[in-house]
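First up is the structure itself, then whatever we jot down about it.
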Amino acid sequence: MNDDQSKLVSRVGILVDLGVTGVFFLFMWSVLGPHVPSDDPTTISWVAAYTSLCLTGVFWLAVSMFRVTLVHYLRSKN
């Protein structure tokens, strides 16, 4: 195997994944905020953030697996 084929993950890919994951976290935080059964804004913010954190972890795993699978598919296609 060449050095190019041994790397399925690059630094740019990791940075893109982290950026997309950060945007997803902020999106889910704003979506989940109104669904928290509380009147205290601090509680709403914390519960929405913790829930978003769990969902964002799963999203990050999915994005990372998709990127590696796509790179492998495109390499094997050529």
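The values are calculated or read from the model by the stated rules, or taken from the named source; none is laboratory data. Owing to the predicted nature of the structure, the values given are computational and were not obtained by experimental measurement. Ideal geometry is used to build each Cβ from the backbone, glycine not excepted, and the neighbour counts take in all protein chains shown.
The table for this structure:
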read-out	value
Residue identified as of a type in the set (A, V, I, L, M), exposed (fewer than 14 other Cβ atoms within 10 Å of the Cβ) and either touching a strand residue (DSSP E or B) at 6+ places or on another chain (Cβ under 6 Å) or not in a helix (DSSP H, G or I) (or both) among 68, 9, 23, 58	9
Residue check, residue 30 surrounded by 12 or more Cβ atoms within 10 Å (Cβ to Cβ), assigned to a helix (DSSP H, G or I) and over 8 Å from the mean Cα position of the chain (by Cα)	no
Condition broken by residue 77, with the remaining ones in (1) touching a Leu at 6+ places or on another chain (Cβ under 6 Å); (2) modelled with pLDDT under 95 satisfied	(1)
